[in-house]
1. Return a whole-number percent for the relative contact order of the chain, with Cα pairs under 8 Å and 6 or more residues apart as the contact set.
2. Identify which of 37, 103, 248 has the largest mean-square fluctuation in a Gaussian network model of the chain, with springs joining Cα atoms closer than 10 Å.
3. For a quick check, take a GNM of the chain with Cα springs below 10 Å and name the residue from 36, 243, 233 with the largest mean-square fluctuation.
4. Express in whole angstrom the spacing between the alpha-carbon centres of segment 220-246 and segment 36-83.
5. Tell me the angle of helix 80-92 to the major Cα principal axis of the chain, expressed in degrees between 0 and 90 and rounded to the nearest ten.
6. Counting each DSSP H run of 4 or more residues in the chain as -39500 (n - 2.57), what helix-only mean residue ellipticity at 222 nm follows after dividing by all residues, to the nearest 500 deg cm²/dmol?
7. Between 0 and 90 degrees, rounded to the nearest ten: what's the tilt of helix 18-33 against the longest Cα principal axis of the chain?
8. Report which label in (i) 17.6, 52; (ii) 20.3, 63; (iii) 18.2, 59 holds the value of Rg and Dmax of the Cα atoms in Å derived from the coordinates of this structure.
């Protein structure tokens, strides 16, 4: 039996909270119970919001919780060449296109359509789908606008991408933390429309970098929050397009705040550093998150 590999992959754009603690501890517990490995990956492609100070704070919090992970740590910001190569392949295969519409232009177009009685489609997170008007631009217009320095993002041509797949896409969803049972989930990447896979200044996005990193690090089990369940469909599509292996997935329940919403890094009272300063122990954190 191959060695199972788990990973915890935070973004250093704020402090860890109880939700992160639950996910990190669950990954470690599952790795230890199955004789597997635990990796730490720093997902810092957002070079404006991610800082070394936040990364140092993440490591302090995880060490305080008792986590142990293999070295070296993979930082996404150190692997832009890897992501660029995958993006170039998608460009060459005409599966992505440069999208130039600003957020303001998108909002105005959607608002106009809704005033005319159009029910604008939305993704599983409730965000309106990209209008995709840019797909009709000629290659000359695209080259001209890029040459003029117009801001743009590379978006996946979802219709072309799903037409290219060789199979009915699905992923294996683990049902319990003991890994004793699973079920196949039909992937619906089309529900997300033409998602961003890279930006002009950063040659990747969360979706593209995460599937490449999981493959390169030989991650066998992705254990993460239920808020990413539906997004797995997009990642399965990219895995298929790029010929990458697919891990098994376990989407755990979220730790919710007092208002019933999922925790964010703005909830200061659930931040691990604040709880530690108030006298909480790692055992207290385990109890608070139900472990």
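Each value in this text was obtained by applying a stated rule to the coordinates, not by laboratory testing. Given the structure is predicted, the values throughout are model-derived calculations rather than measurements. When we count neighbours, we look across all protein chains shown, and the Cβ atoms used for this are built from the backbone with ideal geometry, even at glycine.
1. Working: 440 pairs, mean separation 69.6, N = 291.
This gives 24 percent for the chain.
2. Of 37, 103, 248, the most mobile in the Gaussian network model is 103.
3. Result for the chain, Cα springs under 10 Å: 243 fluctuates most.
4. 20 Å
5. For helix 80-92, the angle is close to 30 degrees.
6. Details: 10 runs with 107 residues, N = 291.
The helix-only estimate for the chain comes to -11000 deg cm²/dmol at 222 nm.
7. Roughly 70 degrees, rounded to the nearest 10.
8. The value computed from this structure is option (ii).
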